[in-house]
Amino acid sequence: MICYNCGCRLSEHNFCTGCGVDVSLYKRIMFTSNRFYNDGLEKASVRDLSGAIVSLRQSLKLNKNHIDARNLLGLVYFEMGEVVSALSEWVISKNLRPKKNIADDYIDMVQNNQSRLDTINQTIKKYNQALQYCYQDSEDLAVIQLKKVLSYNPKYVCAHQLLALLYIQTEEWEKAYRELQKCCQIDANNTITLRYMKEVEHMLSPEEGTKNAPKKRGSSEKIVRYQSGNETIIQPLNVKEHRGVSSLLNLGLGVIIGVAIACFLILPGRIQSAKADINKDLRAVSEQSDAKTATIDELEQKVQKLTDEKALLSEELASYQGTDGTLQATDGLMMAVSAYMKAPDDIKAIADYLEALDEEGEEAEEHKTDAFTSLYDSLVATVGPKLEEYYYNIGYSSFRSEDYDTAIPNLERAYRYNNTNGDALFYLGESYFYTEDYDTAKKIFAQVIDDYPGTRKASSSETHLAEINNAG
């Protein structure tokens, strides 16, 4: 803990050993702020996000420079879908501590992804439009807009709550209950959600107003009660014991009479008719047997001939595959295109197929046709930005965890799909530098200096080049 007056580190005494100022109240305030931060951390760990926000705000009221509390508050806002509030907290945190602040990574995670920024903007616009529709009593349009908002940001608690409120207004209790359940999964102790949930559960539960009604003396009437939509269905069971016995006796007599009629009147005629049909079918089968026997022999000969031709073609195909890589390469490219057509967002599957094509090397390159090259270039042009983002995220994450062997190939692929990605090129050079491949690192740092002069990447590259040259 640092003295607020002189900046000296405080000891266990209630005064500063540097300037002598009384810091007992200051210490108490800082300890209280830390307690609120710990309370907010515990609540966030059990998904009590609303309670965590209250505790973290109280912590920041006592100590606005509490970086950990401010960063955690931003994460809680982000988890609840409040991206703008989260960015505000992270920007303040970054201004308070410009260096060695994890808020830099959080801000980069949002701002460096253009598609995510567009999604956030669309979410805010559509949510505001839904509010406007609510003010205009256009609930149907508001529901449509809120569903679009939740398709962009499924964790937006306010959108879930507003949608549930609209369902409550239109008395669609089950839909409202599902939306409120989603809110509880995100924020387990939100006061607004719990208030709405209590109202919805009350409407969905069966009415029990007749539970304590007096029964008539000697009455044995029973009822079955269940809920159907917004109505409670009550079904009486007024079946007496002697009626049940008489019904069973009547049913038994009916079955006996029916069986007797079937055995003595209907069954013999049916048996004779079935025999006649069977004999007719047997004669028809006998007449067709000889013709089918000849046909079977002819077909067996054709099958044998086709089997021999298939074996010959299979040998030729295996030979063709063994000497020429065109078929394998085309098959791999078709699988990549098929994966893109089925699931355009499954970048990992597309990347795996393209990696398999790249691993075939120069030998397969000689056999690739112009049509193959054109299709490959079109596919790469379509999914190239997503592939760049996919490999850059993996490479940068591996670089941050000092797994340079994994970072190098992924950063190389990211730069190959977008040769304007200076960050991928710079981190690739640093990965080679930390693995002591100084020759490759020097080439990459020189390229960074030439392509991005005057940037932080260029200055860092110059520093690394100087270190390599001095070490040499």
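The values are calculated or read from the model by the stated rules, or taken from the named source; none is laboratory data. This is a predicted model, so every value here is computed, not measured. Because the Cβ atoms are built from the backbone with ideal geometry, glycine has one as well, and the counts that use them run over all protein chains shown.
Taking region 92-121 as the range and being more than 21 Å from Asn393 (Cα to Cα) and surrounded by fewer than 15 Cβ atoms within 10 Å (Cβ to Cβ) as the test, the residues that pass are Asn95, Leu96, Pro98, Lys99, Asn121.
Kindly establish whether Asp423 is in contact with a Ser or Thr (Cβ under 8 Å, 6 or more places away or on another chain) and surrounded by fewer than 19 Cβ atoms within 10 Å (Cβ to Cβ). So Asp423 fails the test.
Could you tell me whether Asn101 is in a loop (DSSP other than H, G, I, E, B), modelled with pLDDT of 85 or more and in the same structural domain as Arg70 (by TED's automatic domain parsing)? So Asn101 fits the description; yes. Scanning region 45-87 for residues that are aliphatic (A, V, I, L, M) and farther than 21 Å from Met109 by Cα returns Val46, Leu49, Ala52, Ile53, Val54, Leu56, Leu60, Leu62.
When Cys16 is tested against (1) modelled with pLDDT of 80 or more; (2) buried (at least 19 other Cβ atoms within 10 Å of the Cβ); (3) not acidic (Asp, Glu), exactly one condition is not met: (1).
Among the residues of region 27-53, the one identified as without any contact (Cβ under 8 Å) to a residue 24 or more places away in the chain, closer than 18 Å to Asp187 by Cα, loosely packed, with under 14 Cβ neighbours inside 10 Å and not polar (S, T, N, Q) is Glu42.
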